[in-house]
Amino acid sequence: MAEKAAAPNPTASTNWHQMFSLLQPHWKTLTIALLAVIGETIADLLEPWPLKVIVDNLLQSKPLPKWLTAVISHTAGSDKYAILNFAVIAVAVIAIFGAISSYTEKYLTTSVGQWVMHDLRGTLYQHIHHLSLAEHDEKRTGDLISRVTSDIEAVQDFITSALLGMLVNSLTLAGMVGVMLYINWRFTLIALSIVPVLFLVVFFFTKRIKKASREVRQKQSELLTIVQEVFSSIRVVKAFSREDYEQQRFEEQSLENVETALHARSVKAKLSPMVDVLAAVGTCLVLGYGARLAMAGQLSTGVLIVFLLYLGKMYKPIRELSKMTDTVSKAAVSYERIQEVLNTVSRVRDLPRARRAAKFKGKIELDRVSFSYTPEQPILTDVSLQIEPGQVAAFVGPSGAGKSTIVSLIPRFYDPTAGQVKIDGSDIRQYTLHSLREQMSFVLQDTVLFRAPIWQNIAYGKPEAQRAEIIRAAELANAHEFIEKMADGYDTMVGERGVSLSGGQRQRVAIARAIIRNTPILLLDEPTSGLDAASEQVVFEALERLMKDKTCVVIAHHLATIQRADVIFVVQDFQIAERGTHSELLAAGGLYAELYGLQLGTPQEPSPADK
């Protein structure tokens, strides 16, 4: 039985643990960044004190602490101007120290964010490549693109702007509270009286912001899916003049995107003003109470100024932390979406004891194979067949009978739900996927070429191929002549999906790509479909060279193209209905003879050559 893909749903704590594990390779850089964070915190804590010295110890002539008097006397002198100079220089030094620390922290966290994004993007992209076609059939390409791009960028934003930023604000907040408690604990408790309310507000809005962020991400993925789908099918859109319909569909989805984003922005926008109002309430309490203490002589003016400056700085980290909930929520949602893909287990993968396949002779067997995409939709039922090494085997039958599925099982694009697919007598699941597929070549009905030079498209299955090999493959595929006539020859850039070439030219490039691999097994899915008579003849000549001394499996709709096949399998109602040579099947007068008669007229008696 094919193993069903598992999609675990990890908890938020697990996701955060996995996210922080991404940072482990960068711990040295982050350690330096952490020291810079501590430097920023120290600078924030020291910033108000020079002003206190000027107000209390110069303007109001209060004595300095003994340790500070010793420091100033040793560095600047003992008169009032020396104290003033020391305070002014201290302001500049603290500012420069804070600026250097801030720059170092931001530079290093940006660097780490970029490298984590690179590593995560590579891991996700590789995992998507290793998912089987069953998983790709279920997923939307636009959604996967969104996860590889936008979601990873959200994680990078968190690392760059929020990770150590949260630590800076938390350390600064803790340091200021500690100093304020040391100066006047009653005064500090009044200043902190609104903090529990602040955190309750932030906690309440964080959940709502995260939910809104998830909805926005979902809508963005749906919009990107439409864009990708339409752009990749632009010829169909134009052929049926559906530009207006697609524009309307895009605008409807875009409008939903806007509405979702505005709702999310509305939720986020409420948080900051509420934090500001609560911070203003706290400032009023401190200012009113502190001014009364100062007027009563129970508190110096300098201490009151320090308190007020600290209060502004203390509420600032709280504001910043509240604003970071958006960044954190986006990162959490995005990482959950990334993990959904990374936790998807491919239904077709190397088994624990899979070994590298030896050189194939090319014998292919299906032993009581059944397959279905869903339990209620059987595609193949108890199919058994055998293809000998070097034979050309053709599969024919009505559309949807299961021909393409049989060919897809041979390279393990899918695994059967029951039975075994064997090559040279061994179950192909015993082999690693790479070693299995590297001994097969494909020429498909829908030839896909990449936006790259023609030579690179030919050498796609054998990147180490030399120029002479590429040219030789093109000659055997009857492609060399038209390639040489192009402006840049083999260096001519092919348009996306090969649109700059004709159908026959694309097929000949695909045949050259198969020739250069020179594998013992060749899989052909209606390689001449849609070609004119002249192109078909040229492609046939190339295919004959390609198929020589190889085990070939051909899906054919034009029955005239497979008359010389060694064995023909007729697929009907999810089973093999008939098998034999062209002449044997015509003589049997079954479904094959009926299909042949429909395509080419009344079946004729087998010729002596066929016999």
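None of the figures in this text is laboratory data; all of them are computed from the coordinates on show. Source: prediction; values computed, not measured. For neighbour counting, all protein chains shown are included, and Cβ atoms are generated from backbone atoms with ideal geometry for every residue, glycine included.
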FRET efficiency estimate (nearest 0.05) - Cβ-Cβ, Ala296 to Glu229, R0 60 angstrom
0.20
Find how much the distance from His263 to Lys80 grows on full extension, using 0.36 nm per residue of separation minus their present alpha carbon separation; answer in nm with one decimal.
60.0 nm
Nearest 0.05, what FRET efficiency do His136 and Asn518 give at R0 = 41 Å with Cβ-Cβ as r?
0.90
Histogram of C-alpha separations across the range 12-342, 10 Å bin width, %
5, 19, 24, 21, 14, 9, 5, 3, 1, 0
Any idea what the dipole of the range 384-515 comes to, in debye rounded to 20, about its Cα centre with Lys/Arg Cβ at +1 and Asp/Glu Cβ at -1?
220 debye
What's the extension gain from Val91 to Arg242 if we count 0.36 nm per residue and subtract their Cα-Cα distance?
47.6 nm
Would you grab the residues whose amide H sits under 5 Å from the one on Gln572? Only those 5+ places off in sequence or on another chain, please, with H modelled 1.01 Å from N.
Ala577
Listed residues Ile89, Val570, Met274: farthest to the positive end of the dipole of the chain (Cβ charges)
Ile89
Calculated log₁₀ intensity ratio I(q)/I(0) where the Debye formula runs over C-alpha points of the range 447-518, q = 0.15, 0.22 Å⁻¹:
-0.37, -0.86
Taking N as the number of residues in the range 228-308, the ratio of its alpha carbon radius of gyration to 2.2 N^0.38 Å works out to 2.48
Looking at Phe442, Ser101, Tyr490, which one has the Cα that reaches farthest to the positive end of the dipole of the chain (charges on Cβ: Lys, Arg +1; Asp, Glu -1)?
Ser101
Please turn the phi angles of the range 445-452 into ³J(HN,Hα) values with the Karplus equation 6.51 cos²θ - 1.76 cosθ + 1.60 (θ = phi - 60°), one per residue in order, whole Hz, x for glycine and proline.
4, 9, 6, 9, 10, 9, 6, 6
Quick one: putting +1 on the C-beta of Lys and Arg, -1 on the C-beta of Asp and Glu, what dipole do you get for the chain around its Cα centre, in Debye to the nearest 20?
2720 debye
Among Asn457, Ala154, Val55, which residue has its Cα furthest toward the positive end of the charge dipole of the chain, with +1 on Lys/Arg Cβ and -1 on Asp/Glu Cβ?
Val55
Apply the Karplus curve 6.51 cos²θ - 1.76 cosθ + 1.60, θ = phi - 60°, to the phi angles in the range 207-219 and return the couplings in whole Hz, x for Gly and Pro.
4, 5, 5, 5, 4, 5, 5, 5, 5, 4, 4, 5, 5
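When DSSP assigns beta bridges and you keep just the ones with both residues in the chain, what percent turn out antiparallel, to the nearest 5?
Working: 20 of 38 bridges.
Given both bridge residues lie in the chain, the antiparallel proportion sits at roughly 55 percent.
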Value of Rg/Rh across the range 162-314 [Cα atoms, Kirkwood radius]
1.31
In the range 393-529, what is the volume of the convex hull around the alpha carbon atoms, normalised per residue and reported in Å³?
126 Å³
Length released on extending from Ser111 to Ser150, taking residue separation times 0.36 nm less the Cα-Cα span
12.2 nm
Using a 7 Å offset from the Cα along the Cα-to-Cβ direction at both Arg579 and Leu309, what is the distance between the two label points in nm, to one decimal?
9.1 nm
Correct choice for Cα extents along the principal axes in Å that was computed from the model, options [x] 125, 53, 51; [y] 71, 58, 56; [z] 92, 58, 51
[x]
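Please report the relative contact order for the range 377-524, taking Cα pairs under 8 Å with a sequence separation of at least 6, and give it as a percent rounded to a whole number.
Rounded, it is 28 percent for the range 377-524.
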